[in-house]
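One structure is given here, and the rest of the page talks about it.
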Amino acid sequence: ADLQRQIELTESRTPELGAKVVARAWTDPQYKARLLKDAKPAIESLLGIDLNLTPELTVVENTRERHHVICCTLCSCYPRAVLGVPPAWYKSPEYRARVVIEPRAVLAEFGTELPGDVEICVVDSTADMRYMVLPLRPRHTEHMHEEELVNLVTRDAMIGVTVLSDPQR
């Protein structure tokens, strides 16, 4: 029964949880400040989930000047509690090795071309610390409600391998 409950809990965690966190941070400056300062309690209060048994969690913010991309060079540490099951490529030895050496080339393989003056920060997750990216909010979304913004957020943007497209106007 305990094992079945754990399986059900794991399967209930999807990238939509992280997208809700992102959308709230985009629309509520006070929540964003709490999230960036101490992510676990901010996420727990928003989603109503207990992150007590999960490793520490830090949210890093992408800006027009700095872009974060997450990896785990040793294994595949990943914030499953808010993003669900990691994609297969995240766990691959090739991604884990190459993203720290040639992040622009790896990002380009995901279709992400960043201007040369944008600093790329590769953030390495560990057994004790997981990371999630707060993506740069797409332009022309100021009029959108939080529920609409959730639909713009992708798992890959919360890992940092992609950027979010501006919605069609």
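The values are calculated or read from the model by the stated rules, or taken from the named source; none is laboratory data. What you see is a predicted model, and the numbers here were worked out from it, not measured in a lab. So basically every Cβ, Gly included, is an ideal-geometry build from the backbone, and we count neighbours across all protein chains shown. Protein only, heavy atoms only, side chains kept; ligands, DNA and RNA dropped before computing areas. Shrake-Rupley method; radii C 1.70, N 1.55, O 1.52, S 1.80 Å.
The trypsin sites (Lys or Arg not before Pro) of the stretch 54-120 that meet both conditions, a loop assignment by DSSP and at most 12 other Cβ atoms within 10 Å of the site Cβ, are Arg64. The value of relative contact order for the stretch 15-127, using C-alpha pairs under 8 Å at least six residues apart, is 28 percent. Between the residues Gly84, Pro29, Leu51, the greatest Cα displacement towards the positive end of the dipole of the stretch 1-156, with unit charges on the Cβ of Lys, Arg, Asp and Glu, is found for Leu51.
Hey, how many Å between the Cα centroid of the stretch 70-120 and the Cα centroid of the stretch 33-68? So the two Cα centres are separated by 19 Å.
Taking a spot 7 Å from the Cα of Glu16 along the direction of its beta carbon, which residues of the stretch 70-88 have an amide N less than 20 Å from it? Label zone hits: 79-87. In summary, the stretch 81-129 shows an alpha-carbon radius of gyration equal to 1.27 times the 2.2 N^0.38 Å reference for compact globular proteins. For the chain, what does the alpha-carbon gyration tensor say about shape, rounded, prolate or oblate, given a ≥ b ≥ c as the root eigenvalues, a/c under 1.5 as rounded, and a/b over b/c as prolate? Oblate.
A DSSP coil position with no more than 12 other Cβ atoms inside 10 Å describes the following GluC sites (Glu not before Pro) in the stretch 61-157: Glu65, Glu113, Glu142.
Rounded to the nearest 20 debye, the dipole size of the chain about its Cα centre is 60 debye, using +1 on the Cβ of Lys and Arg and -1 on the Cβ of Asp and Glu. For the options Ala23, Ala105, Ala42, a Gaussian network treatment of the chain with springs between C-alpha atoms closer than 10 Å singles out Ala105 as fluctuating the most. Neighbours of Arg104 by Cβ distance under 12 Å: Lys/Arg scored +1, Asp/Glu scored -1, total -3. Measuring from a point 7 Å past the Cα of Thr54 along Cα-to-C-beta, which residues in the stretch 120-135 have an amide N at less than 16 Å? Zone members listed by number: 125-135.
When cysteine pairs in the chain are screened for C-beta atoms closer than 4.7 angstrom, the residues that find no partner are Cys71, Cys75, Cys121.
When a/c reaches 1.5 or more, the comparison of a/b and b/c decides; with that in mind, is the stretch 66-164 rounded, prolate or oblate per its Cα gyration tensor? It comes out oblate by the Cα gyration axes.
The Tyr31 and Asp2 beta-carbon pair, evaluated with R₀ = 25 Å, returns a calculated FRET efficiency of approximately 0.15.
Shape of the stretch 9-104 from the C-alpha gyration tensor: oblate (a/c of 1.5 or more and a/b not above b/c, with a ≥ b ≥ c the square roots of its eigenvalues).
Accessible surface calculations at 1.4 Å, restricted to protein heavy atoms, place the stretch 27-123 at 53 Å² per residue.
Counting only aspartates and glutamates at least 8 places from Lys40 when in the same chain, those with an alpha carbon closer than 15 Å to its own are Asp50, Glu56, Asp128.
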